[in-house]
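Taking it in order: structure first as structure tokens, then the write-up.
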Amino acid sequence: MIKHNQDGVSGVGVSLVLTIVLLVGAIGFGIWSFSSRQDYKNNTDAKVASAVQTAKQQEDVIKEKQFAEESKSPLTTYAGPEAYGSIILQYPKTWSSYIIDSSSSDSNSSNPINAYFHPGSVPSVDGDSSIFSLRLQVLSQSYLQTLDSINSGASSSSNPAVVKPYALPKVPKTIGVEVTGTLPISGSGGKKTGIMVVLPLRSQTLELWTEGNQYQADFNRYILPNFSFSP
């Protein structure tokens, strides 16, 4: 009689089961790895596409800003009457102007020169609600009178402003002041803010300013470096 080795059969069975378990595990791991790689690839592609789109948008913004700056040149020139300092004001050609000076029938004794500038079209000059990229005024009152009024207003807690000495790059010997914060504009009720340069002009006063924050870069880049007059 032939006797079967039960231990041997059991060992083969166990080995076979282990092999099957390992094979199934390997197959499962392979499927999981493949799915993970596909998910990573899909996510990576989406991230790359998003990054490319963002970079393109940023490039378009940069190009638009560059075009906007280039379109401002060459600058347009306003030359004021000799009686009021022969003012030379250069401003971006994309800005429009509305200028009342001594040669105009609208001129008055308190403001021999009263000029408004703004990109596109000039807003209404009546009332105080309009905001202008640039204003220019020659006042009939003396610089000392104007300065006293400015210093008085700057010390008011309701209309705070910083006042410091200032001279134009092209007229360095004429010292005036720069006002930052609430602007001392007659009739505005202390409602407008920005940067204003106030300078003595013979027996009168010259005021040059920008309202709000949007055009301060243009004011510092184009207006002040190119502005001149005869004191």
- Message: So for region 26-39 (the condition being at pLDDT below 70 and open to solvent by 50 Å² or more (accessible area, probe 1.4 Å)), does at least one residue qualify?
- Response: yes
- Yes or no: residue 168 farther than 16 Å from residue 116 by Cβ and aliphatic (A, V, I, L, M)? yes
- Query: Restricting region 146-161 to residues that are in contact (Cβ under 8 Å) with a residue 24 or more places away in the chain and in a helix (DSSP H, G or I), which is nearest to residue 110 (Cα to Cα)?
  - Reply: 146
- Residue under evaluation residue 168, criteria (1) open to solvent by 20 Å² or more (accessible area, probe 1.4 Å); (2) closer than 19 Å to residue 216 by Cβ; (3) at pLDDT 95 or above, criterion not met: (1)
- Which numbered condition residue 175 fails, given (1) over 23 Å from the mean Cα position of the chain (by Cα); (2) closer than 20 Å to residue 91 by Cβ: (2)
- Message: Step by step: first the residues of region 52-93, then only those that are open to solvent by 90 Å² or more (accessible area, probe 1.4 Å) and of a type in the set (Lys, Arg), then the one that is modelled with the lowest pLDDT. Which residue is that?
- Response: 63
- Query: Going through region 201-220 one residue at a time, which ones are assigned to a strand (DSSP E or B) and either open to solvent by 50 Å² or more (accessible area, probe 1.4 Å) or in contact with a strand residue (DSSP E or B) (Cβ under 6 Å, 6 or more places away or on another chain) (or both)?
  - Reply: 204, 205, 206, 207, 208, 209, 210, 211
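Against the condition modelled with pLDDT of 75 or more and surrounded by 10 or more Cβ atoms within 10 Å (Cβ to Cβ), how does residue 16 come out, does it pass?
Values: modelled with pLDDT of 75 or more: no; surrounded by 10 or more Cβ atoms within 10 Å (Cβ to Cβ): yes.
No.
The values are calculated or read from the model by the stated rules, or taken from the named source; none is laboratory data. Worth saying up front: this structure is predicted, and the values here are computed from it rather than measured. Positions of Cβ are backbone-derived with ideal geometry, glycine not excepted, and every protein chain shown enters the neighbour counts. Side chains included, ligands, DNA and RNA excluded: accessible areas come from the protein's heavy atoms. Shrake-Rupley method; radii C 1.70, N 1.55, O 1.52, S 1.80 Å.
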